[in-house]
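Below: one structure, written as structure tokens.
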Amino acid sequence: MVGPIKKIPVKELIDRLVGMSQALSDEVVREFGSLSLSQLNWKPSDKSWSISQCLAHLNAFYRYYIPVFNGKISNTRFTTPSTHFMSSPLGYAVSVSIRLGKLKNVKRKLKSAKDYNPVINKSLPTENAYNEYLDHQRSFIDTIIAATRINLRKAKCPLSVRPVVKLNIGDSLIYLVYHNERHVEQAKRVKRLPNFPAV
């Protein structure tokens, strides 16, 4: 895990974020790769999310963040990397709010923004959400590695749900990894429900 606010060598931070992201990709393949379309799209109630909808939610975040990250990495004037990274106070608060507990339990429930809520926003594509997620994960890992070329604390990134608020790139990367972990766990909980379809 990457502890928010803790001073950490940039290389160690990047290695941890890449490792966590790869582990999440492997977990998604292991948990959902052999499921049928009916299983991926099943949900226990109209207001609940299916596995595909959990992944569609993450894909929507990736469609925003990956181009923003890559643009900032390519165009920032803060091109001298620092040796260490420390979360900002805002980054710390965001990480604490989204991060799962030690037992991967949800410490704080958060309401998803309407544009990113697949129950409300019916235009979020779920048809190929599983494969799209894995493609985004590969791109995201490349982006994390590319971020070592800049100063992670000085370069800023607007939040998708509130663009007027900006986090530094390092905190934004941490946030996105924690956000991924949160919703992969949500999808796994759907699969563990007693009435989850067998095929």
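Coordinate-derived values only; no laboratory data. Every value quoted in this text rests on a predicted model; they were computed, and no experiment measured them. Heads up, the Cβs are rebuilt from the backbone with ideal geometry, glycines too, and the neighbour counts pull from every protein chain shown.
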Open item on the list: Using the Karplus curve 6.51 cos²θ - 1.76 cosθ + 1.60 with θ = phi - 60°, what ³J(HN,Hα) values do you get for each residue of the stretch 187-193, in whole Hz, with x for Gly and Pro?
Closed with: 5, 5, 5, 4, 5, 7, 5
Open item on the list: Can you work out the Karplus-derived ³J(HN,Hα) for every residue in the stretch 17-33? Use 6.51 cos²θ - 1.76 cosθ + 1.60 with θ = phi - 60°, whole Hz, and x for glycine or proline.
Closed with: 5, 5, x, 5, 5, 5, 4, 5, 4, 4, 5, 4, 4, 5, 7, 10, x
TODO: Work out the length of the dipole vector of the stretch 41-199 about its Cα centre, built from +1 on the beta-carbon of each Lys and Arg and -1 on the beta-carbon of each Asp and Glu, and round it to the nearest 20 debye.
DONE: 600 debye
- [ ] For Leu167, list long-range residues whose amide hydrogen, built 1.01 Å from N in the peptide plane, is under 5 Å from its own amide hydrogen.
- [x] Cys157, Leu159
Open item on the list: Testing the spin-label approximation: label points 7 Å from Cα along Cα→Cβ at Arg192 and Lys156. State their distance in nm.
Closed with: 4.0 nm
Task: Convex hull of Cα atoms in the stretch 1-104, direction-averaged projection (nm²) - done: 8.9 nm²
Task: MRE, 222 nm, helices only [DSSP H, n ≥ 4, -39500 (n - 2.57), over the chain, to nearest 500] - done: -18000 deg cm²/dmol
- [ ] Determine one quarter of the surface area of the Cα convex hull of the chain, which equals its mean projected area, and express it in nm² to one decimal.
- [x] 10.8 nm²
TODO: Rank by packing, highest mean first: peptides 62-73, 46-57, with packing defined as the count of other Cβ atoms within 10 Å averaged across residues.
DONE: 46-57, 62-73
